[in-house]
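Asker: This is the structure I want to talk about, given as structure tokens.
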Amino acid sequence: MDRITPTTGGAVDTAVRPGGEPDDAARPAFTRSTPKRFRFARRATVRRSLRLLHSFRFEQTDPARFYGGIATDSAELLADFYADLTGRDLTGATVLDVGGGPGYFADEFARAGARYIPVEPDPSEMHAAGISVPAAVRGSGMALPFRDDAVDICFSSNVAEHVPDPWRMADEMVRVTRPGGMIVLSYTVWLGPFGGHETGPWHYLGGEYAARRYRRRNGKEPKNRFGTSLFAIRAADGVRWSRRTPAHIGVLFPRYHPRWAWWLVRVPGIRELLVSNLVVVASKPG
């Protein structure tokens, strides 16, 4: 039986994986391949892109509706790539969601059979939606309170742009993933149309200018305040990290684009403006 127990300092320890397999069991790794060979490429249609883009209008006014759609898409994304990597579905897999917020993703991963653990540093954010996730952990993505090689999948969706040192967080995600496990990092690119979040498109004139303009027009600070809770992160930064990480990179692609537009990630300059959200999918060697 799989067991996760707190250890000293609030860390989490995985003693035995599903099916009683030992921690050092041999696992496959992603190898560089053409993106179209990945299962998820079949889902990356124009219809999916339009559905996700339509949902963005509800991020501030109806977050449950917005995040519900993103949760479904995230569970499908992880399930497809995990099947590519291991030949199995998410049943029994431990999924660590870095920056899981109030737990909008919990139900979707439960339906997929996964053991879902959200990590969130802000207690007010954890309880913002009134959702109770028993396994929720308070902690920073830049210093994850988990031991090495603890989880099957480490996932982060639209969080890296809110972290002052996102690549330290990415390294932590690799650290806590077991050998043969999967890492999926998805983040909003600063110079894309959604880079400024609610302060856009004025972020193209500078993050500080966009934040001040929002305050003047709305009488309050934006939720995503440039320099405090929102940072300029480029597509090139993710490409650079993928080249230095010890993890095996499977694919980088623009999350909200149809499959035929994935080539945009390969073009410097253009990717900063048109990728919008970069996904890095990797596996941990071992």
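Asker: If a residue has to be at pLDDT 75 or above and in a helix (DSSP H, G or I) to count, how many in the stretch 44-87 make the cut?
Answerer: Selection size over the stretch 44-87: 27.
Asker: Out of the stretch 89-114, which residues are surrounded by 20 or more Cβ atoms within 10 Å (Cβ to Cβ) and free of Cβ contacts under 8 Å to residues at least 12 places away in the same chain?
Answerer: none
Asker: Related question: Would it be correct to say that L252 is open to solvent by less than 20 Å² (accessible area, probe 1.4 Å) and within 30 Å of L90 (Cβ to Cβ)?
Answerer: When the stated conditions are applied, L252 does not pass them.
Asker: I'd like the full set of residues that are part of a loop (DSSP other than H, G, I, E, B) and open to solvent by 40 Å² or more (accessible area, probe 1.4 Å), limited to the stretch 137-189.
Answerer: Within the stretch 137-189, S140, R147, D148, D149, P164, D165 meet the criteria.
Asker: Which of the residues that make up the stretch 190-199 are surrounded by fewer than 22 Cβ atoms within 10 Å (Cβ to Cβ) and either in contact with a Ser or Thr (Cβ under 8 Å, 6 or more places away or on another chain) or modelled with pLDDT under 95 (or both)?
Answerer: P193, F194, E198
Asker: Further, regarding this structure: Among the residues of the stretch 232-286, which ones are touching a Phe, Trp or Tyr at 6+ places or on another chain (Cβ under 8 Å), closer than 23 Å to A29 by Cα and assigned to a strand (DSSP E or B)?
Answerer: H248, I249, G250, V251, F253, P254, L278, V279, V280, V281, A282, S283
Asker: Given the criteria part of a loop (DSSP other than H, G, I, E, B) and more than 23 Å from the chain's Cα centre (by Cα), does E221 qualify? Walk me through how you get there before you give the answer.
Answerer: On the way: part of a loop (DSSP other than H, G, I, E, B): yes; more than 23 Å from the chain's Cα centre (by Cα): yes.
So E221 fits the description; yes.
The values are calculated or read from the model by the stated rules, or taken from the named source; none is laboratory data. Since the structure is predicted, the reported quantities are computational estimates derived from the model, not experimental observations. Don't worry about glycine lacking a Cβ; one is built from the backbone with ideal geometry, like all the others, and counts go over all protein chains shown. All accessible areas refer to the heavy atoms of the entire protein, side chains included, with ligands and DNA or RNA removed. Shrake-Rupley method; radii C 1.70, N 1.55, O 1.52, S 1.80 Å.
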